[in-house]
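Q: Below is a structure I'd like to ask you about.
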Amino acid sequence: MARRRVDFGHLLVSFILLCAASLPALAQDRGTIIAEICSGDFGAQQSALGQLAAAGMSEDSSDATWARRIVEAFEGRELRCGNGVALITTEDGAVQAASMEPSDVDAETLAPPSVNLRLRATAASAAAILRLFIEEDAANRLSAANYIDRRREAATAPILSAALERENDAEVRAVLSTLRASLLLEDPDPANRIAAVEAIAQDATLRNRTTIAEAMRDESDADVLAAGDAAIASIDRMLQVGKILSTLYSGASYASVLFLAALGLAIIFGLMGVINLAQGELIMVGAYAAWFTQEAIRTALPALLDYYLIIAIPISFMAAALVGLLMEVIVIRRLYDRPLMTLLATWAISLLLINTVRVTIGSQNLEFHQPYYVSGGFPLVGDFIMTSNRLFAIVVAICACVTVVVLLRRSLFGMNIRAVTQNRAMAGAAGIDTRRTDMMAFSLGSGLAGLAGLALSPLYNVNPGMGTGFIVDSFMVVVLGGVGSLIGAALAAIGIGQINVIVEPIYGAVAAKVFVLLLVIVFIQWRPEGLFAPKGRR
Amino acid sequence: MKRRNFVKGLLTAGAGSVIASPWVARKAVAASNSGTVKLGCLFSSSGTMANIEGRLNYVAQMAAEEINAKGGVLGKTVEVVTTDPGSDWPLYAQLGRQLIQQEEVAATFGCWTSVSRKSVLPVVEQNDALLYYPLHFEGEENSKNVVYLNSPPSSSVLPAVEYLMGDEGGSARRFFMLGSDYVWPRTINQQLKGYWAEQGIEPEAWREEYVPVGHSNFQTLINEIREFANQPGGQPIVVLTVVGNSIPDFFREFINQGISAFDIPVLGLDAVEADFEGLDTAPLVGHLNCWAYLQNAAGPRNEEFLSNWSNYVAANDVPFSPNVAIDPMVSTYDGVHLWAMAAEKAGSFGVPDVRDASAGLTFACPSGYDISMTSENTYVKRGVFIGSLNENQGFDILWQSPDTPEPVPFSPYMNS
């Protein structure tokens, strides 16, 4: 039975393809198209979607509106079929798909036709094509045209020609004519094929290179072949540049993560010499503070929700700084001359923090709203995409680095910290309140960890255990950079990040990690004081 | 291959230096009470697996309460003893031994990753104990001390890959295998390669990459996936076998690099509804998974299970979502009931008796299938679902098997 239906479907497809070229109005009546889309046969469904997309060309403008409705209902699984009926479910009850008249058939007894990935892609493309014909606003048509440019499944040269004929907006026309040109790669006219190659090569991606290279394999015209070779060569250059940029960017982004995680520790361990194993949990506290800020804004001021990451900057900093302050006052200040005890005590604090959060909030990943500035990315050169969430982390890392360097070098507070670090007794004798300086420095280091938690929340899962993943890496960065040197830590983070990213594609992620650790061990053997040795008595 | 082994050796050596996560074995309150029978749970509530494994402790407790409400098993109240192995594989073995020898549990329910099961395996075999294992896994194992509640690849992964290679699934012809570096991903990929070779697919059409467990930075790999996908040779897919928190990390980067499921569908073999809790899934619609249960399974049994779970969450202040149910939860739930039925049928809690009585048992699983234990081994016959991710962090059912296929423990594709 099934076999016979498929054959019938194929017959229909060829029939439609024959008719499609000659008829300006809807090539088939609505009922037939609906029957095909409901048939569950992949080929028939594909051709029906093609028919619906072509309805945009129909002289009767209601056809396009109807087709759009059907495509969207199909995609959104609001179209229900069965027993020879097809309905679209709406909030006010079901309507018949072909006529849009209300129907009294119970939609619950019918099932949506199967929608696999390829049909969805075609449907999305068809919907964009129909928007191109229906939308009054040029900006909407432009966005539809750009969408079709990315998703061409239902686009054909005749449809785009028809759209171009009606289009009067220059920007939309430009997108559409490039798009139409690129669809003529198999046109009988060599001039059109050359134009197609050139249009495709405008966007220098590997996918387009593949498209051109495949077309060139069956090409016999010398001019077209020359154009193809030139296009491939130019794409290759762009791809090369894109690849280099992409490696640099990945390295920079990994470096920014390492640096943010290590920044607080550079002060706490680097300057104060406290081995703080709870540093990762301070990052977690910062991330949770950002989440609470988000929830508070969501209820109180939903209009500002997109800016919660900015608003949360002082809150995350203060929350982690406060936890750090308590840690220092209650535990750590009593253990400054017993480093091993600090190690155990801070580990205990880290467990306490993890489990407190787990018991009170739970151990599932928290859901963060992703504002526009941390979601998606911009394609730049070739296949290089600059992802926004990583850009955000890089920017925060640079700002934090500059601020902290200025604070330590130029402010009285910074001078006090450096004085206490270099010679505690002498600093005390000079009238610096060393106890208070310790407390403030520890809070600063903790607050910076909280800031890291905020900046990393668009990149990582936020859950009670998130901090443990950072602790080893942060110590590595601080030790490699030279204990006490912020610039050293920054350089160490950049080095580790870049090496990791360069090794990873060649030998795999596991090997990259091993390689970096070995490299750090060898380096520390050779230069135990790290990249930048601090001057002063320790 | 040699390089990989070398690297693996190094890694194992390095792993010892990582600070172990904490664990606490909750002592049973009424240890000496003879009116109770104890079941042990080996599921992590800390570390990289915590977000998903942690739920299984509670669902085991929920199943035990259901049984107790009906009078317990053989007149005894079922008591669940939970532990926290902290996603640290050797700790599973240590705590498993503790459960069996000190707590004297009648059966243990535990493990998510295959590496943790492999670490517990010698313990249950030495003590002739029973481990109920609720995850679909790589097969190639048939211990009389493990009840495999979920499917081996022949009735989970292969139907899904077959579907994706068919017309309806998009005729996938090129495959990027990305997994966490341990036994399950490597064995699954080995079998897949054997399967593809038999289907006449050239080795150039696939690529295999592994990341450390808990890996979170997927930038470079996703760049590589894009590069792989844009090469000629047909529709590419990603077969994703990373586990734990690497799954949301992977998908987050996937969204940000602007890749749609239309272009490169991902078959997430370990991806469950719970992995997407923190994510906006609108840009991920269409990615796939395959399990023996999906939350959207139709039928009154599933509705009842879901409402029981949300009531249980509300009543016991469980720190997990009341609206999310995942396959391993249902498998654990089935397992507790199957154990109770077997003990009841055997009239004893002794492991050999329970094992013998297990053969041929049937249970009405919330998935809608009547699942049954085979008589020749300790596998359970389950149905197969292929799911497609929707906007609401759930999976729509794309395809489901007409019945429960016979589980095949040892894959014929392993050595090809």
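All of the numbers you see were taken from the coordinates with simple rules; none came from a lab. Note that this is a predicted model, so its numbers are computed, not measured. Positions of Cβ are backbone-derived with ideal geometry, glycine not excepted, and every protein chain shown enters the neighbour counts.
Q: List the GluC sites (Glu not before Pro) within the stretch B:312-409 that DSSP assigns to loop and that have no more than 15 neighbouring Cβ atoms inside 10 Å.
A: Listed in order of number, the matching sites are B:376, B:391.
Q: Along the Cα-to-Cβ line of residue A:77, 7 Å from the Cα, sits a label point; which residues in the stretch A:96-133 have backbone N less than 18 Å from it?
A: Output list for this probe position: A:107-124.
Q: Further, regarding this structure: What net charge do the residues around residue B:136 carry, taking every other residue with its C-beta under 14 Å from that of residue B:136, with Lys and Arg at +1 and Asp and Glu at -1?
A: Cβ neighbours under 14 Å give a net charge of -3.
Q: While we're looking at this one, here's another question. May I ask which of B:193/B:381; B:76/B:144; A:513/B:118; B:118/B:345; B:345/B:381; B:70/B:381 have a Cα-Cα span longer than 22 Å here?
A: Beyond 22 Å between Cα atoms: B:193/B:381; B:76/B:144; A:513/B:118; B:118/B:345; B:70/B:381.
Q: Inside 10 Å of the C-beta atoms of A:94-103, what's the mean count of C-beta atoms belonging to other chains?
A: For this peptide, the per-residue mean of nearby foreign Cβ atoms is 0.
Q: Then there's this: Normalise the Cα radius of gyration of chain B by 2.2 N^0.38 Å (N = residues in it) and let me know the number.
A: 0.95
Q: Charges at C-beta only: +1 for Lys and Arg, -1 for Asp and Glu. How large is the resulting dipole of the protein assembly as shown about its Cα centre, in Debye rounded to 20?
A: 4460
Q: I need the semi-axes of the equivalent ellipsoid of the stretch A:242-526: take the C-alpha gyration tensor, multiply each eigenvalue by 5, square-root it, list largest first in whole angstrom.
A: 30, 24, 18
Q: Something else now. Which one of A:56, A:335, A:403 is farthest out on the positive end of the charge dipole of chain A, using unit charges on Cβ (Lys, Arg +1; Asp, Glu -1) and the Cα centre as origin?
A: After comparing all options, I get A:335.
Q: Could you run the Karplus curve 6.51 cos²θ - 1.76 cosθ + 1.60 with θ = phi - 60° over the stretch A:93-109 and give me ³J(HN,Hα) per residue in whole Hz, x for Gly and Pro?
A: Karplus values, whole Hz, x for Gly and Pro: x, 8, 10, 6, 5, 6, 10, 6, 7, x, 10, 9, 6, 6, 5, 5, 7.
Q: Further, regarding this structure: On average, how many beta carbons from a partner chain sit within 10 Å of the beta carbon of a residue in A:364-376?
A: Per residue, the average neighbour count from other chains is 4.
Q: In degrees, nearest 10, range 0 to 90: what is the angle between the Cα axis of helix A:170-182 and the longest Cα principal axis of chain A?
A: 70
Q: While we're on this one: Give me A:375, B:154, A:411 sorted ascending by neighbouring Cβ count inside 10 Å, so fewest comes first.
A: A:411, A:375, B:154
Q: For chain A, what is the calculated [θ] at 222 nm in deg cm²/dmol (nearest 500), taking -39500 (n - 2.57) for each run of four or more DSSP H residues and dividing by its residue count?
A: Helix contribution divided over all residues of chain A: -22500 deg cm²/dmol.
Q: While we're on this one: May I ask for the Rg/Rh ratio of chain A, computed from Cα atoms with Rh as the Kirkwood radius, given to two decimals?
A: 1.12
Q: Around residue A:387, under 10 Å between beta carbons, what's the net of Lys plus Arg minus Asp minus Glu among the other residues?
A: Overall, the nearby charge balance is +1.
Q: Determine the gain in length on full extension of the stretch residue A:138-residue A:165; use 0.36 nm per residue of separation and subtract their C-alpha separation, reporting nm with one decimal.
A: 8.2 nm
Q: Given H placed 1.01 Å from N in the peptide plane, which residues other than close sequence neighbours of residue A:90 have an amide H under 5 Å from its amide H?
A: A:95
Q: If you rank B:388, B:114, A:61 by fewest surrounding Cβ atoms within 10 Å, what's the result?
A: So the ranking, lowest neighbour count to highest, is A:61, B:388, B:114.
Q: Let me ask you something else. List A:52, B:294 from most exposed to least, where exposure is judged by having the fewest other Cβ atoms within 10 Å.
A: So the ranking, lowest neighbour count to highest, is B:294, A:52.
Q: To the nearest 10 degrees, how steep is helix A:222-265 against the longest Cα principal axis of chain A, on a 0 to 90 scale?
A: 30
Q: Around residue A:71, with a cut-off of 14 angstrom between Cβ atoms, what is the net charge of the other residues, counting Lys and Arg +1 and Asp and Glu -1?
A: Its environment carries a net charge of +1.
Q: Given the C-alpha centroids of the stretch A:417-466 and the stretch A:250-313, what is the distance between them in whole angstrom?
A: Taking the Cα centre of the stretch A:250-313 as reference, the centre of the stretch A:417-466 is 14 Å away.
Q: Let me ask something else. Ratio of Rg to Rh for the stretch B:158-208, alpha carbon only, Kirkwood?
A: Using Cα coordinates only, the ratio equals 0.96.
Q: Report the normalised scattering of the protein assembly as shown as log10 I(q)/I(0) at q = 0.05, 0.07, 0.10, 0.11 Å⁻¹, calculated by the Debye formula with identical scatterers on the alpha carbons.
A: Those come out to -0.34, -0.67, -1.26, -1.43, one per q.
Q: What size of dipole, in debye to the nearest 20, comes out for chain A about its Cα centre when the only charges are +1 on Lys and Arg C-beta atoms and -1 on Asp and Glu C-beta atoms?
A: 3620
Q: For residue B:146, enumerate residues with amide H under 5 Å from its amide H, sequence gap 5+ or separate chain, H modeled in the peptide plane.
A: So residue B:146 has HN proximity to B:131.
Q: So what's the angle, to the nearest 10 degrees on a 0 to 90 scale, between helix A:308-330 and the longest Cα principal axis of chain A?
A: 30
Q: Separate question: Under a point spin-label approximation (7 Å from Cα along Cα-to-Cβ), what is the residue A:298-residue B:125 distance to one decimal in nm?
A: Each label point lies 7 Å from its Cα, and together they span 4.8 nm.
Q: Subtracting the Cα-Cα distance from 0.36 nm times the residue separation, let me have the gained length for residue A:106 to residue A:405 in nm, one decimal.
A: Extra length available between residue A:106 and residue A:405 comes to 100.7 nm.
Q: I would also like to ask the following. Under a 5 Å amide H to amide H cut-off, with H placed in plane at 1.01 Å, what residues pair with residue B:399 once short-range neighbours are removed?
A: B:386
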